[in-house]
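So the structure is just underneath, and the comments pick up after that.
The values are calculated or read from the model by the stated rules, or taken from the named source; none is laboratory data. This structure is a prediction, so every number in the text was calculated from the model and none was measured. Glycine gets a Cβ as well: all are built from the backbone with ideal geometry, and neighbour counts include every protein chain shown. Calculation scope for accessible area: heavy atoms of the full protein, side chains included, ligands and nucleic acids excluded. Shrake-Rupley method; radii C 1.70, N 1.55, O 1.52, S 1.80 Å.
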Amino acid sequence: MLKKIVLIGPPGAGKTSIGKALSKELAMTFIDSDSEVEKIASKKIAEIFVDDGEPAFRKMEVEVVSKLLATFSGVIALGGGAPINEQIQKELANADFPVIFIDVSISQAANRVGFNKDRPLLLINPRQQWINLMSTRRPIYERLSSEIISSDNRKPAEVAAIICEKVKSKL
């Protein structure tokens, strides 16, 4: 029986929305690693970046994600930068559960996130920052994923249905 599915991908891919739809479709629980970090820190990620710096956020993120990967059963949406950490990469590379890369084009991502202030790595020249992030992250996302599914021009429920078909065929 499938115990967990992990969604990875860039900001604006729709990991959280798709994860919620997927968890309904599969009758599994859903958790978002960024939301968990915010709960533990009692502040928004943007505030953590400003108050404590990116290294402090990444340290909390690794702790939260490692714990979720080890103990949580359900659908997990990881923050866009989580798979960049080497420890998390090792955990995902050795996973016995599906790791789905939700891919998205810059034009679709820009429409979705509006490159808002809650995404600290996208504050200055957001389009160029997103492109830079993806040039670094895409090979990692691709290497770690068992499936790559584009969310371009699709509603979260449509992407969730595609993921269901893919993972059910592997059960």
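Here are the numbers:
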{"read-out": "Residue that is most open to solvent (accessible area, probe 1.4 Å), among those in segment 134-153 that are of a type in the set (Gly, Ala, Ser) and either modelled with pLDDT of 90 or more or closer than 18 Å to residue 15 by Cβ (or both)", "value": "146"}
{"read-out": "Hits in segment 33-57 (condition: modelled with pLDDT of 90 or more and of a type in the set (Phe, Trp, Tyr))", "value": "57"}
{"read-out": "Positions within segment 77-96 being out of contact with any Leu (no Cβ under 6 Å at 6 or more places or on another chain) and either within 16 Å of residue 160 (Cβ to Cβ) or of a type outside the set (A, V, I, L, M, F, W, C) (or both), in sequence order", "value": "79, 80, 81, 85, 86, 87, 89, 90, 94, 96"}
{"read-out": "Unique match (being modelled with pLDDT under 85 and farther than 16 Å from residue 16 by Cα) among 131, 88", "value": "131"}
{"read-out": "Any hit, segment 6-22, residues being surrounded by fewer than 21 Cβ atoms within 10 Å (Cβ to Cβ) and more than 15 Å from the chain's Cα centre (by Cα)", "value": "no"}
{"read-out": "Single condition residue 79 does not satisfy, out of (1) under 19 Å from residue 12 (Cα atoms); (2) assigned to a helix (DSSP H, G or I)", "value": "(2)"}
{"read-out": "Cβ pairs under 8 Å, 6+ apart, first in segment 32-61 and over 18 Å from residue 9 (Cβ atoms) and in contact (Cβ under 8 Å) with a residue 40 or more places away in the chain, second open to solvent by 30 Å² or more (accessible area, probe 1.4 Å) and among the charged types (D, E, K, R)", "value": "44/38; 44/118; 46/117; 46/118; 46/119"}
{"read-out": "Cβ-Cβ under 6 Å pairs, at least 6 apart or on other chains, segment 73-89 side closer than 14 Å to residue 140 by Cα, far side part of a strand (DSSP E or B)", "value": "78/8; 83/8"}
{"read-out": "Qualifying residue in segment 154-166 (condition: modelled with pLDDT of 80 or more, under 23 Å from residue 95 (Cβ atoms), surrounded by 15 or more Cβ atoms within 10 Å (Cβ to Cβ) and of a type in the set (Asp, Glu))", "value": "no"}
{"read-out": "Selected residue (only one of 75, 50, 62, 37 is open to solvent by 70 Å² or more (accessible area, probe 1.4 Å) and either hydrophobic (A, V, I, L, M, F, W, C) or in contact with a Cys (Cβ under 7 Å, 6 or more places away or on another chain) (or both))", "value": "50"}
{"read-out": "Selection count, segment 37-76, where residues are farther than 26 Å from residue 24 by Cα and assigned to a helix (DSSP H, G or I)", "value": "18"}
